[in-house]
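Here is the structure we will look at, set down as structure tokens.
The values are calculated or read from the model by the stated rules, or taken from the named source; none is laboratory data. Since the model is a prediction, treat every value here as computed from it, not as a measurement. Methodologically, a virtual Cβ is constructed for each residue, glycine included, from the backbone with ideal geometry; neighbour enumeration extends over all protein chains shown. Just the protein is used for accessible areas: all its heavy atoms, side chains included, with ligands, DNA and RNA removed. Shrake-Rupley method; radii C 1.70, N 1.55, O 1.52, S 1.80 Å.
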Amino acid sequence: MDHLIDELIRLAFAEDIGDGDHTTLCCIPETEMGKSKLLIKEAGVLAGVEMAQRIFKAFDPDLKTEVFIQDGAEVKPGDIAFVTQGRVRSLLQTERLMLNVMQRMSGIATVTRKYVKQLEGLHTRVLDTRKTTPGLRMIEKEAVRIGGGVNHRIGLFDMILLKDNHVDFAGGLRNAITKAHQYLQDKGKDLKIEIEVRNLDELDEVLNIGGVDRIMLDNFTPEMTREAVKRIGGRYETESSGGITFDTLRTYAECGVDYISVGALTHSVKGLDMSFKAC
């Protein structure tokens, strides 16, 4: 997926710089050299250091970065994550894109770490979703991983997830599962199959049909979840989804599910405050 990140960087620079950073070009000589530091201004989990270096390299391979704090580390106000030196024009023109990416990724990693810590001592893992910013999915999912979460499927291409609409349009659970297997056989693909169930009756039907790798328990209550896990009996992976908040996260995990998917990891996160200052 590196090509998607390369394309993201290219488009982001095109969007920001256009036909030139006229503010920088008008007052900074081409040969002026300097260095800037990434200053942390809010406590959280740092993410995006590797992305920052890719951004610098894509714009100006001569920029050199000395890293003091790596991705995944917990940071506090006053910490200096890295210092980058080279052409001042390059430092100024890469500043905003680098900060936008790092603030977004660090915000996601910080929230993810909070959810992960809430599950300490349990085997349940936190999953992300496809509720990501268009074009930024790869870096947002990387931020989840840095924060200690687990990536669900990246997109529509790397797993079969038969959700309620697929089941209804396909004519029921059995039809959906049967067609999924036929499709994989016809296309010569080896993809995991997950299916969503909306109640215990649908769960029983899936258990009777079989042929899946994971069962998603959608909008189940904790009581229903506990019963569902008991009925599944470890035969399939289990995932809780829908309406689960930070406050109810551990309650669902204690029911014994393998995964809990949380859209809030990526769809409504505040960026971590930091700045890139001359030094």
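Between Gln185 and His267, the simple spin-label model (points 7 angstrom out along Cα→Cβ) gives 3.6 nm. In a DSSP loop and with at most 13 other Cβ atoms within 10 Å, the GluC sites (Glu not before Pro) in the stretch 95-204 are Glu120.
Can you tally the net charge around Val75? Count Lys and Arg as +1, Asp and Glu as -1, for every other residue whose Cβ sits under 12 Å from the Cβ of Val75. Please list the in-between numbers first.
On the way: positive: Lys41, Lys76, Arg113; negative: Glu42, Asp71, Glu74, Asp79, Asp273.
That works out to -2.
Projecting the Cα atoms of Val144, Ile154, Ala170 onto the charge dipole of the stretch 100-170, computed from C-beta unit charges around the Cα centre, puts Val144 farthest toward the positive end. For the options Ile215, Ile17, Ile69, a Gaussian network treatment of the chain with springs between C-alpha atoms closer than 10 Å singles out Ile17 as fluctuating the most.
Given a Förster radius of 35 Å and the C-beta distance between Val83 and Ile154 as r, what FRET efficiency does 1/(1 + (r/R0)^6) yield to the nearest 0.05?
Numbers: r = 33 Å, r/R0 = 0.95.
Calculated transfer efficiency: 0.60.
Averaged per residue, the stretch 126-166 has 44 square angstrom of accessible surface, using a 1.4 angstrom probe with ligands and nucleic acids left out. With Cα atoms defining each centre, the stretch 202-279 and the stretch 73-99 are spaced 36 Å apart in the structure.
Stokes-Einstein diffusion coefficient for the stretch 29-125 at 10 °C in a medium of 1.306 mPa s, Rh from the Kirkwood formula over Cα pairs: what value in µm²/s?
Details: Rh = 14.3 Å.
This corresponds to a translational diffusion coefficient of 111 µm²/s.
Highest mean packing first, where packing is the average number of other Cβ atoms within 10 Å per residue, the peptides 163-171, 48-56 line up as 48-56, 163-171. Under a Cβ-Cβ cut-off of 11 Å, what is the net charge of the residues other than Asn219 that fall near it, where Lys and Arg count +1 and Asp and Glu count -1? It works out to a net charge of -2.
Residue pairs exceeding 30 angstrom between C-alpha atoms, taken from Lys187/Lys230; Lys76/Lys141; Lys117/Lys187: Lys187/Lys230; Lys117/Lys187. How large a share of the accessible area of the chain, in percent, is made up of carbon and sulfur atoms when the probe is 1.4 Å and the other protein chains stay in place? Carbon-and-sulfur percentage of accessible area, whole number: 49.
Looking at the stretch 91-156, which trypsin sites (Lys or Arg not before Pro) are in a loop (DSSP not H, G, I, E or B) and have at most 16 other Cβ atoms within 10 Å?
Arg130, Lys131
The stretch 130-167 and the stretch 5-58 have their alpha-carbon centroids 27 Å apart.
When Rg is the radius of gyration of the Cα atoms in the chain and Rh is its Kirkwood radius, what does Rg/Rh come to? Show your work: numbers first, answer last.
Details: Rg = 22.7 Å, Rh = 21.0 Å.
Taking Rg over the Kirkwood Rh, I get 1.08.
DSSP loop trypsin sites (Lys or Arg not before Pro) in the stretch 191-235 with at most 16 other Cβ atoms within 10 Å of their Cβ, which ones?
Working: sites: Lys192, Arg198, Arg214, Arg226, Lys230, Arg231, Arg235; in loops: Lys192, Arg198, Arg235.
Taking the stretch 191-235 and a limit of 16 other Cβ atoms within 10 Å, the loop trypsin sites (Lys or Arg not before Pro) found are Lys192, Arg198, Arg235.
Annotation: for a label point projected 7 angstrom from Cα along Cα→Cβ of Cys27, residues of the stretch 90-126 with backbone N closer than 19 Å are 90-97. Entry comment: accessible area of the stretch 14-72 is 60 Å² per residue, from protein heavy atoms only and a probe of 1.4 Å.
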